[in-house]
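The values are calculated or read from the model by the stated rules, or taken from the named source; none is laboratory data. Every value quoted in this text rests on a predicted model; they were computed, and no experiment measured them. So basically every Cβ, Gly included, is an ideal-geometry build from the backbone, and we count neighbours across all protein chains shown. Remember, those area values only see protein heavy atoms, side chains included, never the ligands or the DNA or RNA. Shrake-Rupley method; radii C 1.70, N 1.55, O 1.52, S 1.80 Å.
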Amino acid sequence: MLKKKSQNSEEQLNTDLSLIEKKKSIPSIIYMAFCALFILVMWCSGFNFLPLVADVLAILTGLIILISVLKKEKINLFIWIAYIVVVAGLFIHWQIWGAESAWKNIWYNFLLCIFPALIAGFIYIADRFIKERKALKITAILCTVLMMGTSVIYVFFMNLRSRPTAESLQAGHDEYLKNLADSTHLGSSSPNVLFILMDDMAFSDISAYSYLGSEAATINTPNIDSIAKDGIMMDNFYSASPVCSPSRFSILTGRYSSRGYLDNVIFPSDIQSEPYSFTHFVNPYQFLCNVDGILGDEITYAEAMQAAGYSTACIGKWNLGDYGEYLPTNQGFDYFYGSYYVNDMTPYTWVKDTKDSHELVRTHKENLDQSESTELFTAECVNFIKTSAANNEKFLCYYTSPWPHFPIFSDNSGNGKGDTSDDTYIQCIEEFDKYVGNILQALKDSGVYDDTLIIFTSDNGPGREGVTGNLRGRKNTTFDGGMKVPCLVSYPNGGVGSGTAITDTEYSYYPWVDSENNPVTNVTRENIGSIKKSSSPVLAQTKHIEASSMNFDLFTTILSYCGINTLPADRIIDGVNLSQLWNAQVPSDHRVHDIIYYQKGGKTQGIQMALELNGKVYDFKYYDRVHTENSAFIDQFYKNYLFNLDLDPAEGYSVSKTYPDIAATCKEQLLAFRKEMKNNRRGKL
């Protein structure tokens, strides 16, 4: 009897020393079931924001355990299991949905999960090694704090790169490119393509578009202006988005960016500790379907040209994704030199990529001073052009400058790297223009200038600085100041500007000259400080095109000039062929679009529609509801706004009350398009 009593006392002592309480508790069981159900939903849905919620759940569970230890020195078994379920569930989730390689998904997430799991495991068996009650409690507290701490670390270093869940267009993508490769044969008449894309340049920032006239223009851009010589200038050319990533999507694919779920600016998804950035949290919470960039099943004009036999390069800023299918070398470019990101993002690094290689060429630290950017990017463009021409290769050079996006850098009129204290917006653009002369000269020296389709434009309207002329709004607004951009085109042997349906317009530009008033054909760091604006203008002719068009039209138009007239049959291509307009074979106001839509943040905010009024057709622009661009009334929205853009390009006076029938027609069409985008967002045919 005494022996049995002694055994019971010993068992009771052992039970008291145990940290884990195995007694059933209905609330604890319910909580464990909830955690398990959440993990199951996370696995089944694959939504890339749910793992972050799961890790917060792990932190909360650790807090519940800590409170239990502090209150009664015991941890309910089912709460402990809940923590293990969440941590293990996170590890398994990334094996199912992770967009990285299988090996990286294993080792990276194993390192993140192993420490909280080991600490939780030690709590379960701690009483086997620690027999003193106070020491056991201190151990439990320390372990619980470490469980929470490692879960917090998981938050900061969690890789949220997940496989997209968007409806796939991959079969049509592959079939289209295969057919092009099998059927397209480049001839001597196929042009080279030089596409120069600026970042946040305003409609009137170049002298050819200056509201002051080229002679009095604040910024002198003669090399850019010269592109329009015997070519064309678009007077009503729109970006498909008032911010960069969606706009660039549309340029490359010929489609509204919402069709690719690319609704806003893409941020770095890469996780680095030096420098550390929170931006890898951004994409999962602003893009649907786990989209992190331009989806691999989209068809870019670079892919089509590559399939047709072109040598392709993207030089400068990408901003359409930083891994896997989103990389430029997986979107039709044989070669990429530049940054995946915007120049104000962290990290801002430069890389050199081919299909088979990846090289870091400038670190974030080295890019804290960006004053060499234009010089280095120009050198890459010149080298690519000359090498391609020497090899008798037809080429696409897609030069996507980071300028004049803030922060502004230049070489300070020859002072060079290191002195960035007095860089100005004007200096930045003028330096860029001087170096554009090197690229144009490389085309001429290589004997391919007349056989090259040259396009110059900007991705959207101006940010902090820049002049929109008389246009309302700026970047990130769908008023014309944020959407209308310059567009100049040249292709001497391709007929651009050669037709008679559009009248020639005389314009002038003021070339860069050296100290002895000689034209400058090669800009270097050594001579750039002595280059100045000539006092004698060059008189030239161009053709102005009034018709409204959007930058997704460039997809179809470029392919047409390159002899690729077959478009993908499985998806809606919103862009149309502008070649008849560019070749001046139809009047300058010939309508290529009866309707274009203004999108921002994945929503269609407005519509431009050609409608008849009193026997004449005008371009009307309508918003049913749009956020103010006036910071003094930042909480306000404008409703039922209608503008006649032909009579009121500044969008200053709503005429919806004067012409309610026109407003109603525009609204009906706007709502119909929104419904179409909701029912068939990817534009699948």
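Among the residues in segment 539-557, are any over 24 Å from the mean Cα position of the chain (by Cα), open to solvent by 10 Å² or more (accessible area, probe 1.4 Å) and either at pLDDT below 95 or farther than 26 Å from PHE195 by Cβ (or both)? Yes, there is a match, as at least one residue in segment 539-557 is over 24 Å from the mean Cα position of the chain (by Cα), open to solvent by 10 Å² or more (accessible area, probe 1.4 Å) and either at pLDDT below 95 or farther than 26 Å from PHE195 by Cβ (or both). When segment 469-480 is filtered for residues that are open to solvent by less than 50 Å² (accessible area, probe 1.4 Å) and closer than 19 Å to TYR211 by Cα, the ones remaining, listed by number, are GLY469, LEU471, ARG472, GLY473, PHE479, ASP480. Of all residues in segment 526-551, those that are assigned to a loop (DSSP other than H, G, I, E, B) and not hydroxyl-bearing (Ser, Thr, Tyr) total 7. Residues of segment 149-186 that are open to solvent by less than 50 Å² (accessible area, probe 1.4 Å), under 25 Å from the mean Cα position of the chain (by Cα) and of a type in the set (Gly, Ala, Ser): SER162, ALA166, GLY172. Scanning segment 95-107 for residues that are surrounded by 18 or more Cβ atoms within 10 Å (Cβ to Cβ) and assigned to a helix (DSSP H, G or I) yields TRP97, ASN105.
Checked against (1) more than 28 Å from ASP589 (Cβ to Cβ); (2) more than 26 Å from the chain's Cα centre (by Cα); (3) part of a loop (DSSP other than H, G, I, E, B), ASN470 passes all but a single condition, namely (1). Which one is nearest to the chain's Cα centre (by Cα), of the residues in segment 285-306 that are open to solvent by 10 Å² or more (accessible area, probe 1.4 Å) and within 15 Å of LEU180 (Cβ to Cβ)? Per the stated criteria, the residue is GLU303. Within segment 524-533, not a single residue is of a type in the set (Lys, Arg), under 27 Å from GLN608 (Cα atoms) and touching a strand residue (DSSP E or B) at 6+ places or on another chain (Cβ under 9 Å).
Yes/no matrix, rows are residues, columns are (1) of a type outside the set (Phe, Trp, Tyr); (2) at pLDDT below 95; (3) in contact with a Leu (Cβ under 7 Å, 6 or more places away or on another chain):
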| site | (1), (2), (3) |
| --- | --- |
| PRO116 | yes, yes, no |
| TYR124 | no, yes, no |
| ARG133 | yes, yes, yes |
| THR139 | yes, yes, no |
| SER151 | yes, yes, no |
| ALA166 | yes, no, yes |
| HIS185 | yes, yes, no |
| SER189 | yes, yes, no |
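Restricting attention to segment 420-468, the residues that are of a type in the set (Gly, Ala, Ser), open to solvent by 30 Å² or more (accessible area, probe 1.4 Å) and farther than 20 Å from SER410 by Cα add up to 2. On the stretch given as segment 57-94, residues that are open to solvent by 20 Å² or more (accessible area, probe 1.4 Å), touching a residue at least 40 places away in the same chain (Cβ under 8 Å) and within 30 Å of LYS134 (Cα to Cα) total 11. Does segment 307-337 hold any residues that are of a type in the set (S, T, N, Q), over 25 Å from VAL436 (Cα atoms) and open to solvent by 10 Å² or more (accessible area, probe 1.4 Å), and which are they? Listed by number, the list holds a single entry, ASN330. From the list THR144, THR165, THR61, the lone residue that is of a type in the set (S, T, N, Q) and not in a helix (DSSP H, G or I) is THR165. Taking first residues from segment 237-251 that are farther than 15 Å from TYR326 by Cβ and partners that are open to solvent by 10 Å² or more (accessible area, probe 1.4 Å) and polar (S, T, N, Q), the Cβ contacts under 9 Å between residues at least 6 apart in sequence or on separate chains come to PHE237/SER548; TYR238/SER548; SER241/ASN264; PRO242/ASN476; PRO242/THR477; VAL243/ASN264; VAL243/ASN476. Every condition in (1) surrounded by 17 or more Cβ atoms within 10 Å (Cβ to Cβ); (2) at pLDDT 95 or above is met by ASP646 except one, and the failing one is (1).
Checking each residue in segment 218-242 for being open to solvent by 10 Å² or more (accessible area, probe 1.4 Å) and either touching a strand residue (DSSP E or B) at 6+ places or on another chain (Cβ under 9 Å) or not in a loop (DSSP other than H, G, I, E, B) (or both) picks out ASN223, SER226, LYS229, ASP230, ASP235, ASN236.
Here's the yes/no breakdown for (1) buried (at least 17 other Cβ atoms within 10 Å of the Cβ); (2) outside any strand (DSSP E or B); (3) at positive phi:
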position: THR524; (1), (2), (3): no, yes, no
position: ILE564; (1), (2), (3): yes, yes, no
position: HIS590; (1), (2), (3): no, yes, no
position: GLN608; (1), (2), (3): yes, no, no
position: PHE620; (1), (2), (3): yes, no, no
position: VAL626; (1), (2), (3): yes, no, no
position: ALA632; (1), (2), (3): no, yes, no
position: ASP635; (1), (2), (3): no, yes, no
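Scanning segment 317-330 for residues that are under 21 Å from GLY98 (Cα atoms) and assigned to a loop (DSSP other than H, G, I, E, B) turns up LEU320, GLY321, ASP322, TYR323, LEU327.
Between ILE219, ILE138, ILE123, ILE130, the distinction of being more than 30 Å from GLU73 (Cα to Cα) and among the hydrophobic types (A, V, I, L, M, F, W, C) belongs to ILE219 only. Apart from one condition, LYS621 fits all of (1) touching a Gly at 6+ places or on another chain (Cβ under 9 Å); (2) more than 30 Å from LYS657 (Cβ to Cβ); the exception is (2). Of all positions in segment 580-593, none carries a residue that is at pLDDT below 95 and of a type in the set (Gly, Ala, Ser). A residue that is at pLDDT 95 or above, farther than 25 Å from HIS544 by Cα, within 11 Å of the chain's Cα centre (by Cα) and hydroxyl-bearing (Ser, Thr, Tyr) occurs somewhere in segment 242-255.
Considering only residues of segment 592-602 that are touching a residue at least 60 places away in the same chain (Cβ under 8 Å) and either among the polar types (S, T, N, Q) or open to solvent by 20 Å² or more (accessible area, probe 1.4 Å) (or both), which is nearest to ALA240 (Cα to Cα)? Give the derivation first.
If we filter segment 592-602 for residues that are touching a residue at least 60 places away in the same chain (Cβ under 8 Å), which is where we start, we get 595-602.
The next check asks that each one be either among the polar types (S, T, N, Q) or open to solvent by 20 Å² or more (accessible area, probe 1.4 Å) (or both); those that pass are 595, 599-602.
Numbers: ILE595: 13, GLN599: 7, LYS600: 9, GLY601: 12, GLY602: 11 Å.
Of everything passing the filter in segment 592-602, GLN599 is nearest to ALA240 (Cα to Cα).
For segment 21-37, the set of residues classified as in contact (Cβ under 8 Å) with a residue 40 or more places away in the chain and either open to solvent by less than 70 Å² (accessible area, probe 1.4 Å) or touching a Lys or Arg at 6+ places or on another chain (Cβ under 6 Å) (or both) consists of GLU21, SER25, SER28, ILE29, TYR31, MET32, CYS35, ALA36, listed by residue number. The residues of segment 352-366 that are surrounded by fewer than 19 Cβ atoms within 10 Å (Cβ to Cβ) and not in a loop (DSSP other than H, G, I, E, B), listed by number, are LYS352, THR354, HIS358, GLU359, LEU360, VAL361, ARG362, GLU366.
Among the aliphatic types (A, V, I, L, M) and under 30 Å from ILE573 (Cα atoms): which single residue out of ALA135, ALA166 fits that description? Step through it out loud before you land on a result.
On the way: ALA135 fails: under 30 Å from ILE573 (Cα atoms).
It is ALA166.
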